[in-house]
C-alpha cells in the first residue's frame, strides 16, 4: 500500500519539526469532549475541558483522564480524591470553550450537581469518580477514577467531537448489510 506520508525524524529540539508533526498526528485522532470538574479548597466549582478521556475497565468501572502538569486542574486533582466528568453533547461548544479558557463574553455554563460534585447541565453523561491511582506520564499525570455514580441524558443527542483542531459532528457512514447476520 502506498501513501503520501513523509517520515519525520525525532530531534533533540522539542519545538522542532518532530514535535510539530507529533501534535499534527494527534490532532487527526477524533475524540469526544469532556469537562472535568471538582471543588477547590473553598468549595467552589472548578473545571477544565479535556479530550484525553477513556474507559479503562468495566469491573470495576474505571475511567482515565490525562491532565497536563501545567494545567490548574492538575493541582486540584492532586489535592482531592473525587472529580466529575461531563461528556458534552453536540451544540455545547460554548461550554467547552468556556472551560478551555476561550470563553465568550456573557456566556456562563449552567452547572448541575451529582454526588456533591459540579457537573455540566445538559451534557450527555455525567460521572462522579473516586481517584484510585495517579500515574506519572511525562508532562502529564494519568488520573484513574472509579465511577461511583452516573447520570445519562435521555435526549438522544450526539456527542461533541474534536478533531483537526476544531469541533466536528458525527455523520452516519453508509454501510452494507453485515454478511455475518
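Of 145, 156, all but one fail to be part of a loop (DSSP other than H, G, I, E, B) and either closer than 16 Å to residue 92 by Cβ or touching a strand residue (DSSP E or B) at 6+ places or on another chain (Cβ under 6 Å) (or both); the exception is 156.
Of all residues in segment 62-81, how many are touching a strand residue (DSSP E or B) at 6+ places or on another chain (Cβ under 9 Å), more than 19 Å from residue 147 (Cβ to Cβ), touching a residue at least 24 places away in the same chain (Cβ under 8 Å) and assigned to a loop (DSSP other than H, G, I, E, B)? Number satisfying all stated conditions: 1. Residues that are exposed (fewer than 14 other Cβ atoms within 10 Å of the Cβ) and modelled with pLDDT of 95 or more within segment 101-120 comprise 110, 113, 116, listed in sequence order. Against the numbered list (1) surrounded by fewer than 16 Cβ atoms within 10 Å (Cβ to Cβ); (2) closer than 20 Å to residue 40 by Cα, residue 83 comes up short only at (1). Pairs are defined by a Cβ separation below 7 Å, a sequence spacing of at least 6 or placement on different chains, a first member in segment 11-27 that is in a helix (DSSP H, G or I), and a second member that is modelled with pLDDT of 80 or more and exposed (fewer than 13 other Cβ atoms within 10 Å of the Cβ); the pairs so defined are 27/164; 27/165. Right, residue 96: closer than 19 Å to residue 30 by Cα, in a strand (DSSP E or B), modelled with pLDDT of 95 or more and within 16 Å of the chain's Cα centre (by Cα) or not? When the stated conditions are applied, residue 96 does not pass them. Each residue in segment 1-36 was checked for being in contact with a strand residue (DSSP E or B) (Cβ under 9 Å, 6 or more places away or on another chain) and modelled with pLDDT under 80, and 1 pass. Out of curiosity, is residue 127 within 19 Å of residue 40 (Cα to Cα) and either crowded, with 20+ Cβ neighbours inside 10 Å or in contact with a helix residue (DSSP H, G or I) (Cβ under 9 Å, 6 or more places away or on another chain) (or both)? Against the criterion (within 19 Å of residue 40 (Cα to Cα) and either crowded, with 20+ Cβ neighbours inside 10 Å or in contact with a helix residue (DSSP H, G or I) (Cβ under 9 Å, 6 or more places away or on another chain) (or both)), residue 127 qualifies.
The values are calculated or read from the model by the stated rules, or taken from the named source; none is laboratory data. Since the model is a prediction, treat every value here as computed from it, not as a measurement. With ideal geometry, Cβ positions are generated from the backbone for all residues, glycine too; neighbour counts draw on all protein chains shown.
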